[in-house]
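First the structure, in the form of structure tokens, and then the observations on it.
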Amino acid sequence: MKPFALSTFTKITLLSFSILFCAGKVSAQADNLCVFNQATAPYQELTLDTDITSIVFMPDSYYTVLSVLGDTYPLMGQPWLIDTINAAIYVMKNGRTYLGLDTGFAIFDCLYNDSLVTIDASSKVSYKIEGSGNQEILKIQWKNLAVATGPAGNFINIQTWLYKETGVIEFHYGPRSANNASGYTSSGPTGIYTGIWYSDYNFTAMYEKIQVKGQPPAIQIDSNLNMNVPNIFGVPDSGTVYRFVPKAVAASVAVAMNEEAWSIVPNPAKDKVTVRLPSNEKALVTIVSVTGSVVYSKEVIGLRSVEINTSELAAGQYFVRVSNSAGERVKVLSVIK
């Protein structure tokens, strides 16, 4: 990774957005590394988080997340050991998470705008690591900030989540002011940017780009691998989740073959669910979250059903996967509270 003296970081940041509106070289890569989907989930403000406001709001500054040193995050299609030499994660005040790599850099913009400012004592930028081991999630929060060039009294709340096990990237949108918070209703250099992209340091190749454009919730996706980056018109509703899932993870939870006689009841489930198996031969029963994390796994033999406690699972959708000698089958399970 290129050394990150402050002047170098600033130069790259400014250069990136000065060049984005010019036609760029299209990478030879035919496909994106991730797939995009839009979901809803209750927004939960971080607690017991680390406040980094005073650092990121210094002129031309950013925060290096040292708490993930030694961890490996499989972001942008490959694993990266976070060691600040070959890969490092930085937080910026403007709704941006920056992954500095030895091969280039990746940008995760949950809501990028150069003029995000604090409103009062409640405004802050912070982060928290939840979970342990491979189940860790790095959550970064921009709380109660305003777009300085937007209408009076505007405010936004947003979070970026990075999943250590799967490399899934999520943008969670929280409470905001009316009229999409920013006041922007048309495209232009002063708009707000939402999406992910990954480029080499010379801006000659774009390895990944999934950029959100249009008026939420009726958005469109620009995944053309060039340096033109469109903006979003305003801010998504509270509870909106934009999710970027590596293709390998998406494939692992795809609906599979051989829909023979098996079932999950009840569905939706609250406290427990019974998986009725297609035979009594040896089978592996797994429940996977929409982000690719395994939340339950059990090998069974000689049984035609298995009862699973779902009371501790968060509300939402999961994939129940049954694997045996005949192949793999997947059904969607909804958990309610």
Zone residues, region 132-160, relative to Ala315, backbone N less than 19 Å from point 7 Å out along Cα-to-Cβ
none
Counting only residues 5 or more apart in sequence or on a different chain, those whose built amide H sits under 5 Å from that of Met227 are Gly24, Lys25
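Packing-wise, with mean Cβ within 10 Å as the measure, how do 136-143, 316-323 rank, highest first?
On the way: 136-143: 22.2, 316-323: 19.4.
Output ranking for 136-143, 316-323: 136-143, 316-323.
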Where a ≥ b ≥ c are the square roots of the eigenvalues of the C-alpha gyration tensor, would you call region 263-335 rounded, which needs a/c under 1.5, or, failing that, prolate if a/b is larger than b/c, or oblate?
prolate
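What pairs in Lys128/Lys164; Lys128/Lys209; Lys209/Lys331; Lys143/Lys209; Lys164/Lys247; Lys272/Lys298 have C-alpha atoms more than 22 Å from each other? All intermediate terms of the calculation are to be shown ahead of the outcome.
Working: Lys128/Lys164 13 Å; Lys128/Lys209 26 Å; Lys209/Lys331 31 Å; Lys143/Lys209 26 Å; Lys164/Lys247 16 Å; Lys272/Lys298 15 Å.
Where the Cα-Cα span goes over 22 Å, the pairs concerned are Lys128/Lys209; Lys209/Lys331; Lys143/Lys209.
All of the numbers you see were taken from the coordinates with simple rules; none came from a lab. Just so you know, these numbers come straight off a predicted model, no measurement behind them. Glycine gets a Cβ as well: all are built from the backbone with ideal geometry, and neighbour counts include every protein chain shown.
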